Amino acid sequence: MLDSEQIAVLGRSIRRLAELDRAHLQRYREQARALRHLVRPIRPRNITAISLMATDAGENFIQFDPYLIAPVRVVDSYGKPHFLDALSPYMSIADLNAAQFEHDTPLGILMRDLDVPSLWTLSRLIPSPDTPPEAINLRWVQVYRDLAEWAVLYKYLVYNQFATDTMLVRDGYLRSLIFNGDLFARMWERIRQSVEQQYQRERRRIFVVGLAKRSKVLDRYLLALHMEGVLVQQGACYAPLPRAMEEQVYRWTYYGRAETESGEPHYKVVGALHFAKFGHRRYDPIYVVDVWLYHQQRNEVDEVFSYLLADAQAGFPTPFYPLCLQKAHEQATLSGLESELLQDLVLNAIRDTTGSEEASALEAYRMLSGARRRSNYER
């Protein structure tokens, strides 16, 4: 516990730091103030909205040392699975790569369309088969999951036949650092061609945005936005985020940069960030929305937010957050019962591969681990 003397010391230190940081806050307020004339109201329009979301492989490892197995699943907001796999960071990368083409998975389709022969050619973060075991970062499974999610989005937009105008909402921004070279830009160029063909052939309009609940950009500027009264007003509204403000936040990476120093388009960014408030009250939550640059070039940004507003106002249980994203998250999350089922599948597979003489030990382990999980639930 902090006593009164310690609290006083901390209070003086914090006050001194606040004085030093006041200049930073003033700069953020000036930048936020410059957004006032860019704020635009959002008026609702209805459209079919859908989201694609992956079960988080990084948070759903099934671990029984030395076994380490991760389910990789991508579902949409209707619960339809688009990608399903289970893998281990110790498995053969060559076999995993061959399976993409053999089974014509979304990742295999993406690699085929981009003329990419392997997963490690698609992303430098996927280890090649000749990588020494001790040099393999086990987090490559998470990269594989992210690639699978991008591949499902690609397949959905390029090969799907749309019955109505549709908005696809991605969980996260329309940018990535995991693709090699210009592969990310080439993927989006093929998506653009397909979207244009859909409109010319069927008169179906396809909109794509990315949205994140948490954002470094929002963390940086939220206080300044409130102090300057920007977006803090009655009614739903949005404002574009100037690229210079974005680059201040992502200063040490190319994550937020659309151009290189030579002026050539950068390969990692295909969207423009916007602050948006979908609630009608002054202090409803503000989110950051990444709008595909294709819509910006076609002067469709107002429409994008109008369509997104209708889905966000129906959001539950998180208010004014797109319902399709919340439904996709619910469908993608592995519940306690599903997690236990997957663990049983792993134990059954271990029993089948180790032989009958270890069956009694495995059953004892199953009972003890089940009791341990129940005791954790009760705490």
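The values are calculated or read from the model by the stated rules, or taken from the named source; none is laboratory data. Remember, predicted model here, so these are calculated numbers, not experimental data. Heads up, the Cβs are rebuilt from the backbone with ideal geometry, glycines too, and the neighbour counts pull from every protein chain shown.
Where strands (runs of 3 or more DSSP E) sit wholly within the range 57-129, those with at least 2 residues that are at pLDDT 90 or above occupy 67-76, 81-87.
Taking into account only those residues within the range 232-262 that are in contact with a His (Cβ under 7 Å, 6 or more places away or on another chain) and among the polar types (S, T, N, Q), which is modelled with the lowest pLDDT? Ranking the qualifying residues of the range 232-262, first place goes to THR260. Scanning the range 263-314 for residues being of a type in the set (Lys, Arg) and either closer than 23 Å to ILE191 by Cβ or touching an Asp or Glu at 6+ places or on another chain (Cβ under 8 Å) (or both) gives a total of 3.
Here the condition is being under 17 Å from the mean Cα position of the chain (by Cα), under 17 Å from CYS237 (Cβ atoms), assigned by TED's automatic domain parsing to the domain that holds SER215 and in contact (Cβ under 8 Å) with a residue 24 or more places away in the chain; of VAL269, VAL304, VAL288, it holds for VAL288 alone. Among the residues of the range 207-230, those that are at pLDDT below 95, under 22 Å from VAL169 (Cα atoms) and in contact with a helix residue (DSSP H, G or I) (Cβ under 7 Å, 6 or more places away or on another chain) comprise LEU211, LYS216, VAL217.
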